[in-house]
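> This is the structure I have questions about; it appears just below.
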Amino acid sequence: MAVTGPAASSVDRPPARRHFQPTMTSSFSPVSFAPPPAPRSDWAVIAWAVAGGIVAALSVGKVPPAMPFLRADLSLGLVEGGFVVSVFNTLAMALGLVVGVLADRLGRRRLLGVGFACLAGGGLLGAFADGLAPLLVSRFIEGIGFILVAVSSPAIVIAAAAPQDRALALSLWSVFTPAGMALALIAAPPLLHVLDWRAVWLVVAGAGLVALVGVTWATRRVDLPKALAGSPLRTVVETLARPGLRWLALAFGAYAFQWVSLMVWLPTFLAEDLGATVATAALLTALVVAVNVPSNILAGWLLGRGVARVVLLVGGSAAMGLAGWGIFTEALPDGLRFGLCVVFSFVGGVVPASLFAGTAAHAPSPGHMGAANGLLMQGSNAGQFVGPPIVAAAVASAGGAWTGALGPLAAGALVAGLCGIMAARSERKSHPRG
């Protein structure tokens, strides 16, 4: 039966469509298709990580200005003094990759704390050493702390940095060695003048305790990559299987061979060959070390603007080789030779920043960053271990003439440049364009 009248109009007719007209007073918000805001870097965490690295590097930088006092107090020869420097690097040279795998497995923050504790404990033990043997043991313990901090921190820096800031953040991290050494070279001479080398050891040990508290607190909320599944041996194999990482480690070793050798023996060279006083030599060495810092940051800026890592690696290595020749040749005036020391350190600063950025690019995954940085530090510490004794032996074989350092430093520059080229070639094969 048909329905007529008003009822029909309410049943048969479909409801009228209502067109929503948004007004300025409506509470309705249309769906936004704008991209989400870019992630922001946690610069406070990055700053604490860099500060912790600088504290670790104080244990490297405290030795050169104290070397004359150490040698006199403990009756050490030139080569024995070289091993006081290089034994620090023994553990990292032998086990850097393994320590990196431990950082990936056990947690970077946990190993950071252990590292700072070792730096403080080793420094305290060294302050009371009465001979070469206990001093070497203390330096070995400090070396454990240094490698734990150096291997664990880059992953924290990467985790705290937004993708667009990672090149800059890693370049800031790469200043930790020259900045720590420069700080030690500036602060140590007044303490050495008023007290002795043991007081320097105690102050640096105290800084390690401060870093233990500060860095642990600052990094408590950082979201780090989870541990990799599978055995630690698999992580080692996967890391070593990357030829680019192997070339970068060798390049870092060759760079460190040159740079650390010059910085370790520069106070002695300035005093013996250029006639500087001990205090003046320490301050001039601090200047040479310090100029390495801005060039590390400059490298990060250049990388962020598209300059290829291989350009910085090869160019920096070549410039170091040329400057090294000028430093140790007797044909140039003393003022120019010291100026070339400054040039050597400044142009060399682009190398480590490029190497740390390259490690992030070559690592198999974020979970391999500890192992990758461990391999990189293994190469660096191998160069630091063999560099000062080899340069000292070359100088001694030349009858005490510093021209004997020319050969080893030139070889280091050549190896670093070639390894940079090979790393770039490996990256092109792994990530072909097109």
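> Can you tell me the relative contact order of the chain? Whole percent, Cα pairs under 8 Å, sequence separation 6 or more. Spell out each step's value before the answer.
Working: 732 pairs, mean separation 110.9, N = 434.
Reported relative contact order: 26 percent.
> Treat each spin label as a single point 7 Å out from the Cα along the C-beta direction, and report the Arg110 to Ile421 distance in nm.
Taking the simple label geometry, Arg110 and Ile421 are separated by 4.5 nm.
> Just add up the charged neighbours of Thr403: K/R +1, D/E -1, any other residue whose Cβ is under 10 Å from the Cβ of Thr403. Display every interim value, and only then the final one.
On the way: positive: none; negative: Asp273, Glu330.
Summing Lys and Arg as +1 and Asp and Glu as -1 gives -2.
> Just rank Phe176, Phe83, Phe257, fewest to most, by other beta-carbon atoms within 10 angstrom. Numbers along the way, then the final one.
Details: Phe176 24, Phe83 20, Phe257 28.
Ascending number of Cβ neighbours within 10 Å: Phe83, Phe176, Phe257.
> For a footprinting-style exposure proxy, rank Trp201, Trp48 by other Cβ within 10 Å, fewest first.
Ordered by Cβ neighbours within 10 Å, fewest first: Trp48, Trp201.
> Report the relative contact order of the range 310-370, percent, no decimals, based on alpha-carbon pairs under 8 angstrom and at least 6 residues apart.
Reported relative contact order: 39 percent.
> Turning to a different aspect of this structure: Using only the Cα atoms of the range 314-434, build the gyration tensor, take square roots of its eigenvalues as a ≥ b ≥ c, and label the shape rounded, prolate or oblate: rounded if a/c is under 1.5, else prolate if a/b is larger than b/c, else oblate.
Prolate shape, in that a/c is at least 1.5 and a/b is the bigger ratio.
> Please name whichever of Val85, Gly374, Pro134 sits farthest to the positive end of the charge dipole of the chain, dipole taken about the Cα centre and charges placed at Cβ: Lys and Arg +1, Asp and Glu -1.
About the Cα centre, the residue reaching furthest to the positive side is Gly374.
> Right, another one. Extending each Cα 7 Å along its Cβ direction at Lys429 and Ala318, get the distance between those two points in nm, one decimal.
In this crude spin-label approximation the distance works out to 2.4 nm.
> For the range 141-187, just say rounded, prolate or oblate: build the C-alpha gyration tensor, square-root its eigenvalues into a ≥ b ≥ c, call rounded for a/c under 1.5, and beyond that prolate if a/b exceeds b/c, oblate if not.
Numbers: a/c = 4.17, a/b = 1.50, b/c = 2.78.
Since a/c reaches 1.5 but b/c is at least a/b, the shape of the range 141-187 is classed as oblate.
> Shape of the range 105-152 from its Cα gyration tensor (a ≥ b ≥ c, root eigenvalues): rounded if a/c is under 1.5, otherwise prolate when a/b > b/c, or oblate?
Numbers: a/c = 4.04, a/b = 2.70, b/c = 1.49.
Prolate is the answer for the range 105-152, as a/c is 1.5 or above and a/b outweighs b/c.
> Can you list the HN-Hα couplings for the range 137-154, worked out from phi with the Karplus curve (6.51, -1.76, 1.60; θ = phi - 60°), rounded to whole Hz and with x for Gly and Pro?
Values per residue, Gly and Pro as x: 4, 5, 5, 5, 5, 4, x, 4, x, 4, 5, 5, 5, 5, 7, 7, 6, x Hz.
> What is the range 146-291's relative contact order, in percent, from Cα pairs under 8 angstrom and six or more apart in sequence? Can you show the working numbers first?
Numbers: 64 pairs, mean separation 50.0, N = 146.
Once divided by the residue count of the range 146-291, the mean separation gives 34 percent.
> Taking a quarter of the surface of the Cα convex hull of the chain, what do you get in nm²? Don't skip to the end; give the middle numbers.
Values: hull surface 129.2 nm².
Its Cα hull, projected and averaged over all orientations, spans 32.3 nm².
> Picking from Leu132, Leu106, Leu375, which is most flexible by a Gaussian network model of the chain using Cα springs under 10 Å?
Leu106
Each value in this text was obtained by applying a stated rule to the coordinates, not by laboratory testing. Keep in mind that what you see is a predicted model, and the values were worked out from it rather than measured. Please note: Cβ atoms are built from the backbone with ideal geometry, for glycine as well, and neighbour counts cover all protein chains shown.
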